[in-house]
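As structure tokens, the structure follows; a few thoughts come after it.
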Amino acid sequence: LDPDRCALVLFTSGSTGEPGAIRKTLRQLDNEVAALEAQFGAALAGTVVQGTVSHQHIYGLLFRLLWPLSSGRPFARRRLSFNEQLVALGDSPLVLVASPAHLKRLPANQDWSGLARGLRAVFSSGGPLPADAAHSVRALWGQAAIEVFGSTETGGIAWRQSGGAPKPWQALPGVGWRIDAGQLVIRSPHLADDGWLATADRAVATAGGGFELRG
């Protein structure tokens, strides 16, 4: 397969509600999968990937399908929709690909003990994870959610594992960034070219080499 000619097209609603077509080449997707494996792969040995998000979203496509397929990691073919399905997984070693919409509604009266024993990592992306939801995940599952920041247009940009406490974002491997006039600007192998791209996000740099988002 030619990594620069083989591609898929994803559609986003954008700010207007009209679908916007975003073309992703095999090279872009492969680069992003490699970055995820470099950053997180060592902690996921021996796990099965489960998910509550659709593979038709760029986040679900990468985390539930392309990344495990590329790394030889087994993955469930059906999406989990209910908390009872998560509980039924028991304590087998697993990775959970979830969304803020799911994680901010975890019932505290559910018996999560089996899931907590087997859970090796839980990812959250597709929108901001509220601090109280991040705290709830850590309290109920014994695991701070790994938040991934990005978009269909940019691909993955950065990650953090805060557990509810304020924490700056750290760039994923290979992603460069800078702040221009208070705006986050990135350069990444997940983009269509090697140029710098100004995002719509306001940000400030932090002392530890990361950044904070300001809306």
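Miscellaneous remarks
- Using C-alpha pairs below 8 Å separated by at least 6 residues, the relative contact order for segment 115-208 is 19 percent.
- In segment 1-148, Rg over Rh equals 0.99, where Rg is the alpha-carbon radius of gyration and Rh the Kirkwood radius from pairwise Cα distances.
- 15 Å beta-carbon shell around residue 111, net charge (K/R +1, D/E -1): -1
- Degrees between helix 26-40 axis and first principal axis of the chain (Cα, 0 to 90, nearest 10): 50
- Only one residue of 168, 61, 89 has its Cα farthest out toward the positive end of the dipole of the chain, where Lys and Arg carry +1 and Asp and Glu -1 on Cβ, and that residue is 89.
- Degrees, to the nearest 10: 131-141 long Cα axis against longest axis of the chain: 40
- Separation between Cα centres of segment 161-206 and segment 53-108, rounded to whole Å: 26
- P(r) weight above 17 Å for segment 47-125, C-alpha pairs, percent: 41
- Cα-centred dipole magnitude for segment 10-128, charges only on beta-carbon of K, R (+1) and D, E (-1), debye, nearest 20: 140
- Peptides ranked, highest mean first, by Cβ atoms within 10 Å: ranges 44-50, 191-197, 73-79: 44-50, 73-79, 191-197
- Magnitude of the charge dipole for the chain, about its Cα centre and with charges confined to Cβ atoms of Lys, Arg (+1) and Asp, Glu (-1), is about 360 debye.
- Normalised contact order of the chain, rounded percent, pairs of Cα under 8 Å and 6 or more residues apart: 14
- For segment 121-215, the solvent-accessible area works out to 46 Å² per residue, with a probe of 1.4 Å and every protein chain left in place.
- Surface exposure of segment 1-93, expressed per residue as accessible area with a 1.4 Å probe, stands at 57 Å².
- Protein heavy-atom surface of the chain, 1.4 angstrom probe: 52% of the accessible area is carbon and sulfur, with nucleic acids and ligands not counted.
The values are calculated or read from the model by the stated rules, or taken from the named source; none is laboratory data. What you see is a predicted model, and the numbers here were worked out from it, not measured in a lab. Please note: Cβ atoms are built from the backbone with ideal geometry, for glycine as well, and neighbour counts cover all protein chains shown. Ligands, DNA and RNA are stripped out before the accessible areas are found, and what is left, the full protein with its side chains, is counted by its heavy atoms. Shrake-Rupley method; radii C 1.70, N 1.55, O 1.52, S 1.80 Å.
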